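Let me begin by presenting the structure, written as C-alpha cells, before commenting on it.
Values quoted throughout were computed directly from the atomic coordinates according to the rules given, and no laboratory measurement underlies them. Quick caveat, the model's predicted, so the values are computed rather than measured. Note: ideal-geometry Cβ built from the backbone for every residue, glycine included; neighbour counts use all protein chains shown.
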C-alpha cells in the first residue's frame, strides 16, 4: 500500500467514526423534538386513575370512576369539617383540578358565587385541603409518557343553617 491509499482509508475511518458517535448525532435530537411535538396533552391514551379504578378497561368508565372518586372524597372531607352557615346554601360550583405528570393534584381554579364565598370565606382552602387527602393518583399517559391533565368538575354544595 502506498501513502495515498493509507490516507484514503484513514479518512474513511475518521468520517465513519463521526457518524457512529452519539455526540454528533443530530438525528437523535430531531427524533426527541418530533416526539415532543407529537404528544397532545389534550387527549391521553391512559386516563389518570386511582387504585380503585385500575381494573376498569373502558376509557369512559375509567373517567367516570376517577370523577366519582374525586367527588366522593371531596364530599367526605367537607362533611368531616362540619361547616356551619347562617343561611342555607344550595349551589353547584365548578372546580378545575390539575393532575400533574409527577402525580400531584392541585386546585387550578374554583368558580363559586359571591354568596357561597361570603357564607364560607375559607371554602377554597377547604377544597385544597380535601384534595390533599385524596388517595395517590396515577397521572395520565400519552404514548407511555406521564403528562399533565386538567379536569373541570361540577360539585354540588348543599348546607343547611
Residue order, fewest to most beta carbons within 10 Å, for 128, 86: 86, 128
Rg/Rh of segment 51-159 (Cα atoms, Kirkwood Rh), to two decimals, equals 1.00
